[in-house]
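A short worksheet on the structure shown next.
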Amino acid sequence: MNDALINMTRALAHTGQRRLLVLEGDDAWGDAQLAWLTARLPGDWLWVSERPQGELHCTPGAVRTLLGREFTHAVFDARDGFAADALAALSGTLRAGSWLVLLTPPWRGWPARPDGDSRRWSDREQAIPTPHFVHHVMTCIQQDNDVLHWRQGAPFPALHPPDAPAWSMANGQPDRQQEAVLNALMRLEHGVAVVTAPRGRGKSALAGMLARQWPGEVWVTAPAKVATDVLAQHAGERFQFTAPDALAAALTRGTQPTGDWLIVDEAAAIPGPLLRKLLCGFPRVLMVTTVQGYEGTGRGFMLKFCASLPDIHTYRLDCPIRWAPGDPLERIIAALLLFDDDDFSVRPVGDCQIAALTQEAWRTHPAQIGALYRLLSGAHYRTSPLDLRRMMDAPGQHVAQALAGARPAGALWLVEEGGLPPALSQAVWAGFRRPRGNLVAQSLAAHGGSPEAATLRGLRISRIAVHPARQRERIGARLVAWAQREAARHHDYLSVSFGYTPELWRFWERCRFTLVRIGSHREASSGCYTAMALLPLSAAGERLTEQEHQRLRRDAVWLQPWIAIPLPVTPLDQATLNEADWRELAGFAFAHRPVEACTGSLNRLLQACTLPLPTLRAWFDGQQHATEGRKALLKRLRQETATALCTLDAARSDALQKQVAELQFI
Ligand SMILES: CC(=O)SCCNC(=O)CCNC(=O)[C@H](O)C(C)(C)COP(=O)(O)OP(=O)(O)OC[C@H]1O[C@@H](n2cnc3c(N)ncnc32)[C@H](O)[C@@H]1OP(=O)(O)O
Ligand SMILES: Nc1ncnc2c1ncn2[C@@H]1O[C@H](COP(=O)(O)OP(=O)(O)OP(=O)(O)O)[C@@H](O)[C@H]1O
């Protein structure tokens with residue numbers, strides 16, 4: 001057996017493959033077999049585990065810091081919890097000829113065993129069992145003949161060496177596929193070229209090679225510079241990076257230096273309107289985007305975006321660079337995490353029927369609910385394995401599909417929120433507490449005007465997507481109407497939080513949502529401002545929606561300077577402090593409400609009060625220079641607010657301070 005395993009490992013290296021070996025058993029057995037394996041197979045043997053184990057150890061949360069590094073052989077310990085995203089990232093670091101050993105508990109008790117990783121995505125303090133995911137993992141392992149599954153008490157499984165040709169790794173020169181695309185790009189006279197591929201196909205390297213080979217000027221942009229290392233490495237001295245915002249601003253001013261090419265890495269993560277602006281400034285553009293992987297996919301976005309461009313040339317890279325095509329480890333990871341998202345090549349035809357699916361469908365109708373998940377992840381950038389795990393096993397999730405024949409043409413994912421005890425909601429409003437989950441419900445309290453907001457029950461539309469070939473047929477609107485009917489009996493409102501674009505807002509507005517909040521920071525991933533909107537379903541929901549919308553209108557004039565897009569609300573001209581302002585200012589001065597959540601009331605305070613209040617005034621004039629840390633600055637802002645309140649009405653200020661102070665003991 002020793003020799004067989006060593007020979008097999010050599011054969012894997014020779015053919016450019018990696019494999020998964022599952023060790024199923026109790027802790028002592030698993031550790032003993034691993035000691036045996038590591039003694040026989042030389043390698044780095046990186047351990048990924050919550051427990052400190054092995055010489056080279058990394059916690060699941062830190063695997064991302066290893067991206068770009070390479071290892072021979074690794075252990076992924078899933079006995080305490082299954083950090084699926086870490087498993088995927090780990091598999092990307094393994095060289096050809098490696099084993100990835102997956103440690104699992106005995107399968108009989110596994111579905112009922114609490115999974116420590118669930119604390120990251122279930123919104124529960126305690127770990128919960130994850131029977132649907134565990135069942136899915138077991139099925140994938142059993143169905144894949146290239147996975148070795150060694151059970152405690154059973155003999156080591158039979159080894160079948162790979163029947164594949166010899167493989168050698170690319171040496172820095174473009175490989176065959178890269179060369180073909182590069183030649184086409186070098187001949188391109190004008191237009192937009194799009195290169196899509198799953199992870200690790202050499203897209204960024206290809207973009208770098210273009211920059212290096214092109215004789216004229218080439219500009220590079222991407223959502224974040226830190227993600228352009230590979231491109232930079234292959235571009236050498238020709239690499240010059242400009243952030244998308246800066247480039248768009250230069251184009252608007254007409255001051256951008258002329259260039260032959262613009263290269264946009266991870267283009268799908270840049271919002272459409274910004275991307276469109278960038279494309280106009282250059283005769284040739286190369287957009288590169290990932291269409292599969294643990295960080296999400298830009299397939300739906302790119303399809304739709306590219307359909308609107310006149311002079312478009314699309315290319316695809318399929319061949320992995322660092323291991324052989326058809327690598328068994330890559331294949332099983334893709335199956336486990338449903339990475340093969342919808343490529344939207346097949347148009348679902350026929351009338352749509354809307355139907356709900358329960359989490360039980362992962363066991364009873366895996367193909368159907370899998371197709372729904374693939375549709376959502378094909379359409380949404382950054383759908384991650386955490387989303388898959390949440391959808392499979394977290395409490396309070398609901399999904400529905402618009403079925404055209406046997407295919408989903410639309411998908412909807414809803415999450416239950418709210419229902420917090422009144423005292424806790426008030427503590428969230430004051431900034432003293434921030435329990436897990438409840439994204440919109442908590443934000444309504446923490447950033448909105450009503451301390452009781454999080455007591456209401458909401459159903460948040462976490463994701464909605466319609467197949468690109470079936471959009472603008474009111475399928476999206478029907479899915480929302482379905483959710484509205486489903487939610488009406490037990491909820492006060494439907495909610496949505498989304499990256500604001502005028503087109504998307506038009507959709508929510510047409511579905512009769514009311515805008516209640518727009519954040520003042522752009523999301524790092526999309527460059528959009530986060531917007532929140534509500535569709536009330538009860539009298540309490542109506543009141544909350546109306547109140548928050550009016551608050552947004554009243555604050556609009558003060559928010560606008562912080563937000564670089566026109567706010568889509570009609571501003572109200574009400575400059576005097578009201579009851580809600582006093583309460584909110586007390587929440588800022590005497591508790592922990594964030595300053596951004598009090599922009600309107602603080603500005604009204606500055607108008608009402610004749611004191612100098614230098615720190616507050618400088619803050620809103622945008623003149624606050626970084627002469628002190630943020631903590632000290634906030635303290636002074638709070639102190640000045642307290643002084644102003646006391647000057648305006650000492651008794652009222654005192655009473656409010658007492659009320660607010662009590663909230664911190666909840
Ligand atoms: C929480 C979140 O998931 S936010 C992200 C939403 N999802 C996405 O962005 C994924 C990609 N996009 C999609 O899947 C779809 O475009 C959706 C879900 C946004 C809309 O679904 P559709 O079925 O195309 O929309 P539907 O036909 O129901 O549109 C209803 C109305 O909304 C408005 N609308 C919808 N899309 C647009 C658009 N792109 N531009 C302007 N208005 C629009 C229109 O007024 C439309 O009515 P009309 O066609 O009669 O004028
Ligand atoms: N022709 C080549 N020769 C040598 N190394 C290469 C070649 N092409 C790509 N690589 C290397 O392979 C790895 C993966 O390439 P790259 O990052 O370009 O892939 P990608 O498709 O952009 O993947 P991701 O979506 O993960 O960013 C990188 O380390 C890169 O330097």
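Name the single residue, out of those in the stretch 498-514 being among the aromatic types (Phe, Trp, Tyr) and touching a helix residue (DSSP H, G or I) at 6+ places or on another chain (Cβ under 8 Å), that is nearest to ligand 2 (Cβ to nearest atom).
Here is the first cut: in the stretch 498-514, the ones among the aromatic types (Phe, Trp, Tyr) are 498, 500, 505, 507-508, 513.
Remaining after also requiring touching a helix residue (DSSP H, G or I) at 6+ places or on another chain (Cβ under 8 Å): 498, 507.
Values: Phe498: 25, Phe507: 30 Å.
It comes out as Phe498.
Yes or no: Ala481 modelled with pLDDT of 95 or more, more than 11 Å from ligand 1 (Cβ to nearest atom) and farther than 14 Å from Thr545 by Cβ?
Numbers: modelled with pLDDT of 95 or more: yes; more than 11 Å from ligand 1 (Cβ to nearest atom): no; farther than 14 Å from Thr545 by Cβ: yes.
No.
A quick yes/no check of all residues on (1) more than 20 Å from the chain's Cα centre (by Cα); (2) within 16 Å of ligand 2 (Cβ to nearest atom); (3) outside the structural domain of Ile270 (by TED's automatic domain parsing); (4) open to solvent by 10 Å² or more (accessible area, probe 1.4 Å):
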{"position": "Asp387", "(1), (2), (3), (4)": "no, no, yes, yes"}
{"position": "Asp393", "(1), (2), (3), (4)": "no, no, yes, yes"}
{"position": "Ala409", "(1), (2), (3), (4)": "yes, no, yes, no"}
{"position": "Leu412", "(1), (2), (3), (4)": "no, no, yes, no"}
{"position": "Trp429", "(1), (2), (3), (4)": "yes, no, yes, no"}
{"position": "Gly448", "(1), (2), (3), (4)": "yes, no, yes, no"}
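Out of Leu534, Leu559, report the one residue that is among the aliphatic types (A, V, I, L, M) and either in the same structural domain as Leu456 (by TED's automatic domain parsing) or open to solvent by less than 10 Å² (accessible area, probe 1.4 Å) (or both). Unique residue meeting the criteria: Leu534. Taking the stated definitions as given, is Ile312 touching a helix residue (DSSP H, G or I) at 6+ places or on another chain (Cβ under 7 Å) and within 30 Å of Ala394 (Cα to Cα)? Criteria not met by Ile312.
Inside the stretch 206-217, residues that are open to solvent by 10 Å² or more (accessible area, probe 1.4 Å) and either aliphatic (A, V, I, L, M) or within 8 Å of ligand 2 (Cβ to nearest atom) (or both) make up a count of 1. Counting the residues of the stretch 345-366 that are open to solvent by 20 Å² or more (accessible area, probe 1.4 Å), part of a helix (DSSP H, G or I) and either within 26 Å of Arg485 (Cβ to Cβ) or at pLDDT below 95 (or both) gives 1.
With the condition kept exactly as written, say whether any residue in the stretch 607-614 is touching a strand residue (DSSP E or B) at 6+ places or on another chain (Cβ under 7 Å), surrounded by fewer than 17 Cβ atoms within 10 Å (Cβ to Cβ), assigned to a helix (DSSP H, G or I) and not aliphatic (A, V, I, L, M). Explain how you work it out, then say what you get.
Let us first name the residues in the stretch 607-614 that are touching a strand residue (DSSP E or B) at 6+ places or on another chain (Cβ under 7 Å), namely none.
No, that holds for no residue.
Of the residues that sit in the stretch 498-507 and are buried (at least 18 other Cβ atoms within 10 Å of the Cβ) and more than 8 Å from ligand 1 (Cβ to nearest atom), which one is farthest from the chain's Cα centre (by Cα)? The residue in question is Thr501.
Restricting the first member to the stretch 495-511 and to residues that are under 12 Å from Ala531 (Cα atoms) and part of a helix (DSSP H, G or I), and the second to residues that are within 7 Å of ligand 1 (Cβ to nearest atom) and at pLDDT below 95, the beta-carbon pairs closer than 9 Å and six or more apart or on different chains are Leu504/Phe498; Trp505/Phe498; Trp508/Phe498. If you filter the stretch 233-265 down to residues that are open to solvent by 40 Å² or more (accessible area, probe 1.4 Å) and among the β-branched types (Val, Ile, Thr), you find that the one that is modelled with the lowest pLDDT is Thr255.
Of everything in the stretch 207-253 that's touching a Gly at 6+ places or on another chain (Cβ under 9 Å) and of a type in the set (Asp, Glu), which residue is nearest to Pro273 (Cα to Cα)? Across the stretch 207-253, the extreme among qualifying residues is Asp245.
The residue pairs whose first member lies in the stretch 64-91 and is free of Cβ contacts under 8 Å to residues at least 12 places away in the same chain, whose second member is surrounded by fewer than 23 Cβ atoms within 10 Å (Cβ to Cβ), and whose beta carbons are closer than 9 Å, counting only pairs six or more residues apart or on different chains, are Thr65/Cys58. For the stretch 321-337, filtered to residues that are surrounded by 20 or more Cβ atoms within 10 Å (Cβ to Cβ) and assigned to a loop (DSSP other than H, G, I, E, B), the residue that is nearest to ligand 2 (Cβ to nearest atom) is Trp323.
Would you confirm whether or not the stretch 457-464 contains a residue that is more than 13 Å from ligand 1 (Cβ to nearest atom) and modelled with pLDDT of 95 or more? Yes, the conditions are met somewhere in the stretch 457-464. Annotation: of all residues in the stretch 189-205 being more than 8 Å from ligand 2 (Cβ to nearest atom) and open to solvent by less than 20 Å² (accessible area, probe 1.4 Å), the one that is farthest from the chain's Cα centre (by Cα) is Gly191.
The values are calculated or read from the model by the stated rules, or taken from the named source; none is laboratory data. All values reported here derive from a predicted model rather than from experimental measurement. Ideal geometry is used to build each Cβ from the backbone, glycine not excepted, and the neighbour counts take in all protein chains shown. Please note that ligands, DNA and RNA were not included when accessible areas were found on the heavy atoms of the full protein model with its side chains. Shrake-Rupley method; radii C 1.70, N 1.55, O 1.52, S 1.80 Å.
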